[in-house]
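Taking it in order: structure first as structure tokens, then the write-up.
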């Protein structure tokens, strides 16, 4: 394999993936995992149900899917944390739990200056197939790529429009923040 040219202390001639914007843990017990992260000072958590009622165009390994999950989001500084507990159906999260147990499942990366469709095309041009995808809340497309064989984890790309407002969560954990 020919390696790309080094263009700077922190860049290669083929660089397009930027900062990590999210780390995701997959668990069998979302509340236990959130409680552990709260103990570390990460929270409060917005908890949502993702599935056919909240997402469209859901795929799993190239086929339409109706899997569902509980998904929690919290920010710590510039990092978004995510915790996912699969509920119904087969998904890359159930695959991960079956193969590895609980733990870090994927990271989501920023690709500054690239349209989401160009990011997806770039990943595919590198030989990475989409292993799961969908669109949340009609505005946030997401795709996971089969990168685990090369880098020991999965890469996710998603696109949150600048004017997107997070929907009201199903619940807050440990509680909702004070009203501003």
#### Entry: Theoretical FRET efficiency, 1/(1+(r/R0)^6), r = Cβ-Cβ of residue 137 and residue 40, R0 25 Å, to 0.05
0.35
### Summary
Counted neighbours (other Cβ, 10 Å), sorted fewest up, put 106, 100 in the order 100, 106
### Task
Name the residue, out of 138, 162, 148, whose mean-square fluctuation peaks in a Gaussian network model built on the chain with Cα pairs under 10 Å.
162
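For the range 35-109, what relative contact order do you get, as a whole percent, if you take Cα pairs closer than 8 Å and at least 6 residues apart?
24 percent
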### Computed helical MRE - 222 nm, the chain, DSSP H runs ≥ 4 contributing -39500 (n - 2.57), nearest 500
-5000 deg cm²/dmol
### Summary
With 0.36 nm assigned to each residue of separation and the Cα-Cα distance removed, residue 53 to residue 20 gains 9.0 nm
### Query
Using the count of nearby Cβ atoms within 10 Å as a rough guide to exposure, how do 11, 125 rank from fewest to most?
125, 11
### Query
Using a basic spin-label model with each label point 7 Å from the Cα along Cα→Cβ, how many nm lie between residue 122 and residue 171?
3.9 nm
### Message
Suppose we keep just the DSSP beta bridges with both residues in the range 1-145; what percent of those would be antiparallel, to 5?
### Response
85 percent
### Among [x] 22.2, 79; [y] 16.8, 55; [z] 21.1, 73, the entry that matches Rg and Dmax of the Cα atoms in Å as calculated here
[y]
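Just so you know, all these numbers are worked out from the coordinates, no wet-lab data involved. Treat the numbers as computed from the prediction; the structure is a model and nothing was measured. Counting neighbours? That spans all protein chains shown, and the Cβs are built from the backbone with ideal geometry, glycine included.
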